[in-house]
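Remarks on the structure that follows.
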Amino acid sequence: MYEMKTVVKKKKFHYKGSVESGLEIYFGKELKSKVEVNSFQLENLLDYYKNTIAVIGTSRTTPPQGSIGSWLINNVTKQAIASYIIPILIKEGYVRLVDNSKVEFIGSKTNGIKLS
């Protein structure tokens with residue numbers, strides 16, 4: 001199990017798995033909330049945003065249209081999970097942080113190496 005922090009509010013969460021195998025993400029008070037995201041859903045997310053810069057969209061109720069948060073709500077779960085997915089994608093090298101509200105989808109895995 002890995003321990004991570006969200007990008008913006010630096011809240012702790014844990015996860016098991018990987019983008020390639022699927023994820024179990026544990027968050028919230030005492031990490032009692034859990035969401036599963038399978039590898040097919042993650043692959044679709046990466047394909048949808050491939051080679052783009054996208055707004056993260058961490059709002060729990062109204063993420064901006066076109067944001068990753070909006071995509072996740074419409075395609076994966078009604079729970080707002082962009083805050084957890086983005087740090088995992090950064091760690092695994094699929095995206096890099098542009099600023100606290102946007103990420104760049106790199107298009108190929110870099111194992112977390114920062115590209116310049």
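The values are calculated or read from the model by the stated rules, or taken from the named source; none is laboratory data. Keep in mind the model is a prediction, meaning the values are calculated, not measured. Virtual Cβ from ideal backbone geometry, glycine too; neighbours counted across all protein chains shown. Quick note on the areas: whole protein, heavy atoms, side chains included, nothing else; ligands and nucleic acids left out. Shrake-Rupley method; radii C 1.70, N 1.55, O 1.52, S 1.80 Å.
For this structure, a couple of remarks:
- Verdict on Leu72 being more than 18 Å from Met4 (Cβ to Cβ) and among the aliphatic types (A, V, I, L, M): no
- Residue among Tyr84, Tyr49 that alone is of a type in the set (Ser, Thr, Tyr) and under 16 Å from Val7 (Cα atoms): Tyr84
- For segment 57-100, the tally of residues that are over 18 Å from Lys12 (Cα atoms) and free of Cβ contacts under 8 Å to residues at least 60 places away in the same chain stands at 24.
- Of all residues in segment 21-30 being open to solvent by 50 Å² or more (accessible area, probe 1.4 Å) and more than 14 Å from the chain's Cα centre (by Cα), the one that is modelled with the highest pLDDT: Ser21
- All positions within segment 6-20 that are touching a residue at least 40 places away in the same chain (Cβ under 8 Å), surrounded by 13 or more Cβ atoms within 10 Å (Cβ to Cβ) and of a type outside the set (Val, Ile, Thr): Lys11, Phe13, Tyr15, Ser18
- Filter result for Val76 (more than 16 Å from Val95 (Cα to Cα), under 14 Å from the mean Cα position of the chain (by Cα) and not basic (Lys, Arg)): yes
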